[in-house]
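Below is one structure, written out as structure tokens; comments come after it.
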Amino acid sequence: DTYPASLPDQGIDITGIPDGTYLVRVTADWQNFWQETNENNNSASAQVRITGSTVTLLSAPDGI
């Protein structure tokens, strides 16, 4: 599923995170609780740069 940023709880608090380049990875159903036809598409990652309170997407998300 894809959810818009306008929905509640769709953000990550970056307060106190030092400036730099990061790999952000998200995983759904990490304990394999839900039976699925494809168990290999539950993660995605993207590289981002944090500068102050600005986040810049450096690579398109993979895995989705």
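Each reported figure results from applying straightforward, stated rules to the coordinates on display, with no laboratory input. Bear in mind that the values here come from a model prediction, so they are computed numbers and not experimental data. With ideal geometry, Cβ positions are generated from the backbone for all residues, glycine too; neighbour counts draw on all protein chains shown.
Details
- Wholly enclosed strands (runs of 3 or more DSSP E) of region 7-58 bearing at least 1 residues in contact (Cβ under 8 Å) with a residue 40 or more places away in the chain: 54-57
- Number of the exception - ASP19 against (1) charged (D, E, K, R); (2) under 13 Å from the mean Cα position of the chain (by Cα); (3) exposed (fewer than 12 other Cβ atoms within 10 Å of the Cβ): (2)
- Candidate set: region 40-63, residues that are surrounded by 13 or more Cβ atoms within 10 Å (Cβ to Cβ) and among the hydrophobic types (A, V, I, L, M, F, W, C); chosen: the one farthest from TYR3 (Cα to Cα): ILE50
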